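Below is one structure, written out as structure tokens; comments come after it.
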Amino acid sequence: MSNMKDALGRTIDYMRISITDRCNLRCKYCMPYGVECVPRWDILSLEEIEAVGICAASLGIRHIKVTGGEPLVRRDCCQLVKQLKGTPGIEKVTITTNGVLLERYLDDLAEAGIDGINISLDTLDRDLYQRITGTDALGTVMEAVRRACAMPISVKINAVSIDFSQMDEKQREAGQDGWRQMVELAREYPVDVRFIEMMPIGYGRNFKTINHQELLEEMMRAYPCMEEDDRVHGFGPAVYYRIPGFEGSIGLISAIHGKFCSDCNRVRLTSQGYLKPCLCYEDGVDLRRILRKGQERPEEEVHYRWPYAGRPADEELQRELRKAMEQAVLCKPAAHCFERPGQITEAHNMIAIGG
Ligand code: SAM
Ligand code: SF4
């Protein structure tokens, strides 16, 4: 089994794949109203993603996270999960979703062999949820959480730690201490509730993050029995805590106030087929150019069709993809520079990158 290391000796075995830049929500920090989507032609087809998956697995990627945009708005999402799961070498395929369409696709995802579902949910306040996402869908998402928890699949809730203190009074009031309600979800349901520091990428630049060191201190005061939980929960950088009597654990993903770059294990494939070794910088390799060698972007119909993708396992294609992926991994930067925003070179929105 291959083991891929970057120039600093970090094992790279995790890839996030964004399968669409479309979304059915309009989260203010990610895809506010007015953000345009690219024509479908520009997005990788199922076969093209499959080709990248085969190549990634041959190099040492073991875990794939399917993301977006909202992955479940893409009609072939479950088929894609199934194909990735069937790729020799890939051990786990998980998905991150806003949960709005999840109930409809839960059985298909389970049948496709999904190993875990992350549901993004920043608040349990209905009005604030609507203000953040542009949609009154909290009830629908909570119903999906309940149903997902009843299935034999690992479920995690991801909440971005938005600092509401500088917003209008209504949001400030609703957002303040909102983390308590989120934490309480782990008492009721067997879910890990993870808080993610807001990163200054895309529209995230317009928001302030809650400092997780301060949040942790507040949590410790509210739950004095909370203790570090060193059981393995997944493949990511979250630091977990458990509270006696709770079904699930609490996770903190603190890219800003708890930099974890020295343990980074991931690369990201954007919906347009650009492989990024680090979220913070625009550097990477254009795999779509390799996948579509010789194919010109047609003048018309680009919104409705994908180009012919060839054979995903084609030996020459795989050789070229491998070379490009290895090159990207070797160029992986030592660390992000979120603390020095002037040095961030990534200009794309999260909707294209996939978080
Ligand atoms: N639509 C899906 C969802 O919401 O889970 C998948 C795509 S979304 C871009 C993936 C994750 O990135 C979500 O949990 C979202 O909250 C998070 N995210 C988006 N912008 C962010 C930012 N600037 N900082 C931190 N997390 C962000
Ligand atoms: Fe859509 Fe997810 Fe971005 Fe919200 S965070 S706009 S749900 S892609």
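Structure notes:
- Backbone N within the stretch 139-180 under 17 Å of label point (7 Å from Lys208 Cα along the Cβ vector): 161-179
- Bridge orientation summary for the stretch 189-256: considering DSSP beta bridges with both residues in this region, about 55 percent are antiparallel.
- The stretch 78-128, accessible area per residue, ligands and nucleic acids excluded (1.4 Å, Å²): 40
- Fully extending the segment from Gln79 to Arg180 would add 32.6 nm, taking 0.36 nm per residue of separation and subtracting the current Cα-Cα distance.
- Stretched out straight at 0.36 nm per residue, the stretch from Asp263 to Met1 would grow longer than its current Cα-Cα span by 92.2 nm.
- Expressed as a whole percent, the accessible surface of the stretch 1-148 that belongs to carbon and sulfur atoms is 46, based on a 1.4 Å probe.
- Accessible surface, per residue, of the stretch 309-355 when the full set of protein chains is kept, probe 1.4 Å, Å²: 53
- Rg over Rh, two decimals, the chain (C-alpha only, Kirkwood Rh): 0.95
- With all protein chains in place and a 1.4 Å probe, the accessible surface of the stretch 197-355 carries 49 percent carbon and sulfur.
- Ligands, DNA and RNA are left out, and with a 1.4 angstrom probe the accessible area of the stretch 222-273 is 46 Å² per residue.
- At the listed q of 0.18 Å⁻¹, the Debye profile of the stretch 62-210, built from one uniform point per Cα, gives log10 I(q)/I(0) equal to -1.09.
- For a paramagnetic label modelled on Thr135 (point 7 Å from Cα along Cα→Cβ), amide N atoms under 13 Å away belong, within the stretch 44-73, to 69-73.
- Screening the chain for whole DSSP H helices of 18 Å or more along their axis (Cα) with average Kyte-Doolittle hydropathy at least 0.0 returns 46-59.
- Bridge type composition, the chain - antiparallel percent by DSSP, nearest 5: 25
- Where labels lie 7 Å past Cα in the beta-carbon direction, separation of Glu299 and Glu169 in nm: 5.9
The values are calculated or read from the model by the stated rules, or taken from the named source; none is laboratory data. Every value quoted in this text rests on a predicted model; they were computed, and no experiment measured them. When we count neighbours, we look across all protein chains shown, and the Cβ atoms used for this are built from the backbone with ideal geometry, even at glycine. Just so you know, the surface numbers come from the protein's heavy atoms only, side chains and all, with ligands and any DNA or RNA stripped out. Shrake-Rupley method; radii C 1.70, N 1.55, O 1.52, S 1.80 Å.
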